[in-house]
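Working notes, structure below.
The values are calculated or read from the model by the stated rules, or taken from the named source; none is laboratory data. The structure displayed is predicted, hence computed values, not measured ones. Here the Cβ is made from the backbone with ideal geometry for all residues, glycine too, and neighbour counts use every protein chain on show. Protein only, heavy atoms only, side chains kept; ligands, DNA and RNA dropped before computing areas. Shrake-Rupley method; radii C 1.70, N 1.55, O 1.52, S 1.80 Å.
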Amino acid sequence: MQKAGYLFLLILVSLVFSPFVAWGAVFTVHNPAEFHNALATAQSNGEDDTINVAPGTYNITSTLQYITADGDGALTIQALEMNNRPVLSGGNGIQIMYIENDSDQDHKGDAGADMAISGIVFQDGNCSAEKGAGLYANTGAASITLDGCTFGGNLARYGGGAYLYADAGMVSVTHNVFNENEAGFGGGVHVESSSGMVTVENNTFSGNRARTGGGVLVSSESDIAVMTDNIFTGNTAVTLGGGAYVVTSAKTAVVTNNVFSKNSAGLYGGGIAASTRSDATVTNNTFTGNAASKLGGGAYIMLAHDMAIASIYNNIFWDNKADNGGNDGDDLCINSDSDGNGAGSTVNIYNNCLGQDSDFNTGQSEDLYVTATDNYSHGSNITADPLFVDPAHGDLHLTSASPCVDKGFNNAPGIPGKDIEGQPRFADGDGDTNATVDMGAYEYATQGGGSSAQDSAATLGVVVARMKDNGDVYLYVPSLLLPVQGKLSIFELLFRVVDLNSIMFRMEDARPLSTAPGPASAFFNPGQELFYASYVALIDSKGNTTVFKNLTFNVAIGENEIFIILRDLLGDQAPTIAEYLGGTKHVGIGVPPEVSTYYLDMMAYIENLIKGTAFTTPQAPVSSSAFHWDIQDW
């Protein structure tokens, strides 16, 4: 017993005096001064620090800085309220945040001192000659995670919105929005690791500009780079990679489940440009409406080593354009001999949909161009219109008649288990009882009776949202009740308006109802994707109102989140708020009478919220066990 006592004391003393044990410190900041003070303390207190940033707009007049030589414990900077995110504004004149873990540049010593930044809005930062106008983060051996942030209107030389570099650590960029940022390299974000894995997943890039890598520049020298489940729309590069530019050396560049639409490059790769001395795996992506002035309107891939392999499977390349003339790869160009030694690297192109001017036999044509074909193979590719639901308005889901349904290859390299919306990949879309993956980023799935999610709808009625100063929007759907893994959950929605024709939502499960019964079939079936809203009113912080009518939105249920795309079908024909308040209201189809009564009361409540009139919150009908209703005050 005495020996055990001494051992316990020794352990206790070791824990107290060991310089390697970091205890957690938590700060909550409400203004720039408190933010500066918290960072100054955190960079030298030897603890794992968490800085919670309270809601509000922070006008940053001097860059928020955290600088250490070898890290000082882990650092987490996060929104105090994820549904009311703080806005850090650089006023178009200053870099907003600078985090340095490796100031002595020895690329070691900070292992375990990982960085995580989440739920922050970075806007109008400016450091045109430097890196990361919104956010600069640099580590040696530590990892960097950027999640759930928004970057808009930032300008830098490298990484307009953010510049993230880890010498040996991993870098992860997930669930962020990059809109209208500008840089020389990586307009939205520049992400790089020398010997760590780089992951860019579930982000939205729109309207960003750069010399190279309009939306994003991704680089990993000795590990893999993964880019999956992202949406790139309307990004521009002067040279390479309008949507994205990806570079790897020793390991594979993996590009899966992404959508590239209406991006452009002044030279090569309107949608994406990729360069590798190893392998490039491009599987189940959708490229449409992209353009390049030289080669590869949809995609341009450079293989810089004889042993490199390009694996192109299950993609849709359609209606892209390259302007070099002749064999310029309007949809896809692969430079299989970019080292110029006369030997073509291995190129495998299988189960893809390309433009009608594609010659798969020779590999050298207007829509498909492989520069050296001595190691080129192909099979099961098609040149038919993919029949998107509504490409003019950005709806790139497949219709039931699409020739891309069930035409992919189930054993394609890098094939994801789910599509970009979280829907299972291996489904029987054509009714032949064989579960086969589709081409493209979106999987077409049928519901019971053979009707598709894209071809059917249920009626919800009125949806009202209020835009906050930072561009985020709360959306309230009185009858929004979705099945998740066999149980009902009610969701609160937070989304950012990219433009009035394309609105991206991120929905987080607020209150799982583990004991709730299954949903009524009149509204939802398990796995149903598409539903319908009669009216949607968006009210901005200045009181301006836009009312959308007859909107369809596509919903895909993932493990923890749901993405929705709204589409305005009427444009300028949408009613004004006065017309809306004076018009005929719609009631859901097939709802019980007591629910209809509540529904009408709820619409009256929402209308009074719009008018600013006090009104009692309606009570949900207790007799309707299949529905749970929720409304929150503004």
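Checking Ala116 against (1) surrounded by 24 or more Cβ atoms within 10 Å (Cβ to Cβ); (2) among the aliphatic types (A, V, I, L, M); (3) under 21 Å from the mean Cα position of the chain (by Cα), which test does it fail? Of everything listed in (1) surrounded by 24 or more Cβ atoms within 10 Å (Cβ to Cβ); (2) among the aliphatic types (A, V, I, L, M); (3) under 21 Å from the mean Cα position of the chain (by Cα), Ala116 misses just condition (1).
How many of the residues in segment 297-338 are aromatic (Phe, Trp, Tyr) and open to solvent by less than 10 Å² (accessible area, probe 1.4 Å)?
Looking only at that region, the number is 1.
Each row is one residue, and each column tells you yes or no for (1) outside any strand (DSSP E or B); (2) within 27 Å of the chain's Cα centre (by Cα); (3) buried (at least 20 other Cβ atoms within 10 Å of the Cβ); (4) not acidic (Asp, Glu).
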site: Asn37; (1), (2), (3), (4): yes, no, no, yes
site: Gly46; (1), (2), (3), (4): yes, no, no, yes
site: Ser62; (1), (2), (3), (4): yes, no, no, yes
site: Ala69; (1), (2), (3), (4): yes, no, no, yes
site: Thr76; (1), (2), (3), (4): no, yes, no, yes
site: Glu81; (1), (2), (3), (4): yes, yes, no, no
site: Asn84; (1), (2), (3), (4): yes, yes, no, yes
site: Leu88; (1), (2), (3), (4): no, yes, yes, yes
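The set of residues from segment 294-319 being over 25 Å from Arg425 (Cα atoms) and either in contact with a strand residue (DSSP E or B) (Cβ under 7 Å, 6 or more places away or on another chain) or part of a strand (DSSP E or B) (or both) comprises Lys294, Leu295, Gly296, Gly297, Tyr300, Ile301, Met302, Leu303, Ala304, Ala308. The strands (runs of 3 or more DSSP E) located wholly in segment 388-483 that include 3 or more residues which are at pLDDT 90 or above and buried (at least 16 other Cβ atoms within 10 Å of the Cβ) occupy 395-398.
Mind telling me which of the residues Gly161, Gly153, Gly187 ends up being in contact (Cβ under 8 Å) with a residue 12 or more places away in the chain, surrounded by fewer than 22 Cβ atoms within 10 Å (Cβ to Cβ) and within 19 Å of Asn92 (Cβ to Cβ)? Write out each step before concluding.
On the way: Gly161 fails: surrounded by fewer than 22 Cβ atoms within 10 Å (Cβ to Cβ); Gly187 fails: surrounded by fewer than 22 Cβ atoms within 10 Å (Cβ to Cβ).
Among Gly161, Gly153, Gly187, only Gly153 is in contact (Cβ under 8 Å) with a residue 12 or more places away in the chain, surrounded by fewer than 22 Cβ atoms within 10 Å (Cβ to Cβ) and within 19 Å of Asn92 (Cβ to Cβ).
For segment 230-251, enumerate the residues that are under 22 Å from Tyr158 (Cβ atoms), among the polar types (S, T, N, Q) and open to solvent by 10 Å² or more (accessible area, probe 1.4 Å). The answer is Thr236, Thr239, Ser249.
In a strand (DSSP E or B), open to solvent by 20 Å² or more (accessible area, probe 1.4 Å) and within 22 Å of Ala441 (Cα to Cα): is that true of Val254 in this structure? For Val254, the condition - in a strand (DSSP E or B), open to solvent by 20 Å² or more (accessible area, probe 1.4 Å) and within 22 Å of Ala441 (Cα to Cα) - is met.
For segment 341-355, residues that are more than 24 Å from Asp438 (Cα to Cα) and outside any loop (DSSP other than H, G, I, E, B) total 1.
With Val21, Val13 as the choices, which residue is at pLDDT below 95, open to solvent by 60 Å² or more (accessible area, probe 1.4 Å) and over 29 Å from the mean Cα position of the chain (by Cα)?
Going through Val21, Val13 in turn, the sole match is Val13.
Can you name every residue in segment 342-379 that is open to solvent by less than 30 Å² (accessible area, probe 1.4 Å), more than 24 Å from Ala291 (Cβ to Cβ) and touching a residue at least 60 places away in the same chain (Cβ under 8 Å)? Across segment 342-379, the qualifying residue is only Asn351. Going by the structure shown, is Met227 within 17 Å of the chain's Cα centre (by Cα) and either farther than 19 Å from Gly132 by Cβ or open to solvent by 20 Å² or more (accessible area, probe 1.4 Å) (or both)? Yes, satisfied.
With the requirement that a residue be more than 22 Å from Lys321 (Cβ to Cβ) and in a loop (DSSP other than H, G, I, E, B), what does segment 237-249 give you? Walk me through how you get there before you give the answer.
Start the filter on segment 237-249 by keeping residues that are more than 22 Å from Lys321 (Cβ to Cβ), which leaves 247-249.
The answer is Ser249, and nothing else.
On the given criteria, is Ala299 closer than 22 Å to Asp357 by Cβ, at pLDDT 95 or above and within 27 Å of the chain's Cα centre (by Cα)? Let's see the steps before the verdict.
Working: closer than 22 Å to Asp357 by Cβ: yes; at pLDDT 95 or above: yes; within 27 Å of the chain's Cα centre (by Cα): yes.
Against the criterion (closer than 22 Å to Asp357 by Cβ, at pLDDT 95 or above and within 27 Å of the chain's Cα centre (by Cα)), Ala299 qualifies.
Residues of segment 168-184 that are within 22 Å of Asp229 (Cα to Cα) and among the hydrophobic types (A, V, I, L, M, F, W, C): Met170, Val171, Val173, Val177, Phe178.
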